[in-house]
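These notes concern the structure reproduced below.
The values are calculated or read from the model by the stated rules, or taken from the named source; none is laboratory data. Just so we're clear, the structure is a prediction, and the values are computed from it rather than from any experiment. Here Cβ is always computed from backbone atoms with ideal geometry, including for glycine, and neighbour counts include all displayed protein chains. Protein only, heavy atoms only, side chains kept; ligands, DNA and RNA dropped before computing areas. Shrake-Rupley method; radii C 1.70, N 1.55, O 1.52, S 1.80 Å.
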Amino acid sequence: MSAPQQNTGNEKLPRHVAIIMDGNGRWATARGLTRTEGHRKGAEAARHAVEAAGELGIKYITLFAFSSENWNRPADEVNDLMNLLRYYLKKETAELHKNGARIRVIGDRTALPHDIVKLIENAENLTRDNTKITVVLALNYGGRQDIVSAAKDLAKQVKAGEADLSQIDENSFSGYLMTGDIPDPDLMIRTSGESRISNFLLWQMAYAELYFTDTLWPDFSKKDLEQAVAYFAGRDRRYGGLSQSHGMQG
Ligand code: FPP
């Protein structure tokens, strides 16, 4: 069995932070605003979180911007989320590129509006060689779908004689996932007091530290990110082995 992908850099700083941005609706309702206004503020918070992650030296940040279950929301709300996505892809791509960010999108993009697919392709192509930070947007993403589609790709390759079943292990299987070239998250943050994983990066989060905060996503600031990173720095990651700092306590 292969070892999990471990964070081998500065152990106190997560290399990859994945965020479930939750609470836009409740933030808006509490202020007598529409849910759309909550998402708008949430999108601004996402932009600031990326900036803050870059300043802290985090190399990968994944944002769960639209889940495969979000299609079940009222059509107007889905439409508003697509409009926001369109707006930010148009407005922020050049700025992110200027700041050395590489943009990657995971999820089933075939169900997204065609012009958004074009904007995504453009953003990915423009920024593909940047190295300061990788910003992964999870759009129409589901963790189980990711694993099923990886298993199907692998099965196809085995059937065609292009892959050897006896050579498949955890590491090589990871390469078939939508995050194939991205290290596993070290830290997962979920806002708004919910403590569920909600079909996010299921395989990839096997060894992630999980951090839940009551802060609603539109209020999430650099200070909140720093708090989550401080929580991470205080954890003793053992990957199933024994504790480094507490001797035999495990
Ligand atoms: C959860 O709030 C948030 C989402 C459904 C997706 C996250 C979207 C954004 C941060 C806006 C930016 C998005 C794009 C696509 C650019 P909620 O509506 O579930 O909040 P609630 O649980 O309080 O109702």
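From a point 7 Å beyond the Cα of L165 in the direction of its Cβ, which residues of the stretch 132-151 have a backbone N at a distance under 17 Å? Label zone hits: 151.
Could you do me a favour and compute the accessible area per residue for the chain, 1.4 Å probe, result in Å²? Spell out each step's value before the answer.
Values: 12900 Å² over 250 residues.
Here the residues of the chain average 52 Å² of exposed surface.
The fraction of Cα-Cα pairs per 10 angstrom bin, counted from 0 for the stretch 155-204, comes to 19, 39, 25, 13, 4 percent, rounded to whole percents.
On full extension, the segment bounded by Y207 and Y87 gains 39.7 nm, given 0.36 nm per residue less the C-alpha separation.
When the alpha carbon gyration tensor of the stretch 51-150 is reduced to an equivalent ellipsoid, its three semi-axes come out at 23, 16, 13 angstrom, largest first.
Expressed in nm², what is the orientationally averaged projection area of the convex hull enclosing the Cα positions of the chain? Mind dumping the intermediate values first?
Working: hull surface 59.3 nm².
Value for the chain: 14.8 nm².
Using the Cβ atoms and a cut-off under 13 Å, what net charge is assigned to the surroundings of G38, where Lys and Arg are +1 and Asp and Glu are -1?
Working: positive: R26, R31, R35, R40, K41, R73; negative: D22, E37, E44, E77, D80, D219.
For residues surrounding G38, the net value is 0.
Ignoring ligands, DNA and RNA, please state the percent of accessible area on the chain from carbon and sulfur, probe 1.4 Å. Looking at the chain in its full context, I get 50 percent from C and S.
Sorting the segments 19-27, 51-59 by their residues' average number of neighbouring beta-carbon atoms within 10 angstrom, most packed first, yields 19-27, 51-59.
Mean-square fluctuation check for the chain, GNM, Cα pairs under 10 Å: which of Y239, Y60, Y207 is largest? Greatest mean-square fluctuation among the candidates belongs to Y239. Sorting 63-73, 144-154 by their mean Cβ neighbour count within 10 Å, with the most densely packed peptide first, gives 63-73, 144-154.
Helix by helix through the chain, keep the DSSP H runs that span 27 Å or more along the axis on Cα and average at least 0.5 on Kyte-Doolittle, and give those back in order. Please list the in-between numbers first.
Numbers: long enough: 35-56 (31 Å, -0.95); 75-98 (35 Å, -0.77).
Going by DSSP H runs, there are no hits.
Compute the normalised compactness of the stretch 137-223: alpha-carbon radius of gyration over 2.2 N^0.38 Å, N being the residue count.
The reported ratio for this selection is 1.35.
May I ask which residue of A111, S195, L96 lies farthest towards the positive end of the charge dipole of the chain, with charges of +1 (Lys, Arg) and -1 (Asp, Glu) on Cβ and the Cα centre as origin? Positive-end residue among those listed: L96. Each Cα pair under 8 Å and six or more residues apart adds its sequence gap; the mean of these over the residue count of the stretch 1-129 is a relative contact order of 21 percent. Using the basic label-point model (7 angstrom from Cα toward the beta carbon), what is the T110 to Q227 distance in nanometres? So the two model labels end up 4.2 nm from each other.
Run the dipole for the stretch 117-250 about the Cα centre, Lys and Arg Cβ at +1, Asp and Glu Cβ at -1, nothing else charged, and hand back the magnitude in debye, nearest 20. If you can, show how the numbers build up before the last one.
Details: 14 positive and 19 negative charges, 33 e Å.
Roughly 160 debye, rounded to the nearest 20.
In the chain, a dipole from Cβ-located charges (positive for Lys and Arg, negative for Asp and Glu) runs towards its positive end, and of T62, G32, M21 it is G32 whose Cα lies farthest in that direction.
So what is the relative contact order of the stretch 147-246, in percent, for Cα pairs below 8 Å that sit 6 or more residues apart? Write down the numbers at each step before the final one.
On the way: 74 pairs, mean separation 21.1, N = 100.
Relative contact order comes out at 21 percent.
Calculated FRET efficiency, K98 to V78, Cβ-Cβ distance, R0 = 30 Å: about 0.45 to the nearest 0.05. Distance from the alpha carbon centroid of the stretch 62-88 to that of the stretch 18-43 works out to 12 angstrom. In this structure, V158 and T131 have a Cβ-Cβ separation that, at R0 = 25 Å, corresponds to a calculated FRET efficiency of about 0.15.
Only helices enter this figure: runs of n ≥ 4 DSSP H residues, each worth -39500 (n - 2.57), summed and divided by the residues of the chain, yield -13000 deg cm²/dmol at 222 nm to the nearest 500.
Distance between the pseudo-spin-label points of E11 and E124 (7 Å out from Cα toward the beta carbon): 3.6 nm.
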